[in-house]
């Protein structure tokens, strides 16, 4: 158990990563709890830096994770929750909301994980965004397709990277796909396809200030790579004097 001055950090991850982060937390005197998936029971975790290690079958089942972590909290005071992987950001936010722990909640989380929320927020702040529409109201979908020329990209809102993205060439093709999606279609958006180079920027933000940023150019459009069951090959893009 922890003393009153020691902070307890719960790390959650569905993939084998975050080892150095957990080591640093331990070096700084924190009590480290790791919650990961059962299939990673024998993974190369920094066990010398982990005070308690727990497993669940699937961390994407948010209600089950909330119940499990709430059970742990009966005898532990959890100060911070850190999602170590993209896929666990949603679960981490839901846990903070439920346990009322400081940090990013559901609404803020969507600006990092929900492709629709990202576009709406960027548009509100004047950033150029390809024309898009939420796959929700059919009248708006008809109006969008009449106004914006194809092709369009049908994108799942909460998947990482380009997983699940499809290129749509005709309205008939869209309606056919929506029939297959059924009640899941509101978890998608439709966006204008723009050809050209694709860049990815990694950054660190502290106290609302960008303290690090590095841009990379993909060798091929990522959605083409994932469609062909391959992985994108990002090439490092030199950072100019203003961002170095």
### Task
State yes or no: is residue 94 in a helix (DSSP H, G or I), surrounded by 13 or more Cβ atoms within 10 Å (Cβ to Cβ) and at pLDDT 95 or above?
yes
### Task
Would you mind finding the one in 128, 156, 150 that is touching a helix residue (DSSP H, G or I) at 6+ places or on another chain (Cβ under 9 Å) and either surrounded by fewer than 12 Cβ atoms within 10 Å (Cβ to Cβ) or free of Cβ contacts under 8 Å to residues at least 24 places away in the same chain (or both)?
128
### Message
Looking at the range 69-76, can you tell me whether even one residue there is in contact (Cβ under 8 Å) with a residue 60 or more places away in the chain, surrounded by 13 or more Cβ atoms within 10 Å (Cβ to Cβ) and assigned to a loop (DSSP other than H, G, I, E, B)?
### Response
yes
### Task
Taking only the range 8-55 into account, find how many residues are in contact with a helix residue (DSSP H, G or I) (Cβ under 9 Å, 6 or more places away or on another chain), part of a loop (DSSP other than H, G, I, E, B) and over 26 Å from residue 67 (Cβ atoms).
2
### Task
Scan the strands (runs of 3 or more DSSP E) fully inside the range 197-242 and keep the ones with 3 or more residues being surrounded by fewer than 15 Cβ atoms within 10 Å (Cβ to Cβ), modelled with pLDDT of 65 or more and under 20 Å from the mean Cα position of the chain (by Cα).
199-206, 209-218
### Positions within the range 99-117 being part of a helix (DSSP H, G or I) and surrounded by fewer than 17 Cβ atoms within 10 Å (Cβ to Cβ), in sequence order
99, 106, 107, 108, 111, 112
## Note on the structure
Taking the range 159-172 and keeping residues modelled with pLDDT of 95 or more and surrounded by fewer than 16 Cβ atoms within 10 Å (Cβ to Cβ) leaves 169, 170, 171, 172
### Query
What tally of residues in the range 160-194 results from selecting those that are part of a helix (DSSP H, G or I) and at negative phi?
16
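The values are calculated or read from the model by the stated rules, or taken from the named source; none is laboratory data. For clarity, every value in this text was computed on a predicted model and none was experimentally measured. Note: ideal-geometry Cβ built from the backbone for every residue, glycine included; neighbour counts use all protein chains shown.
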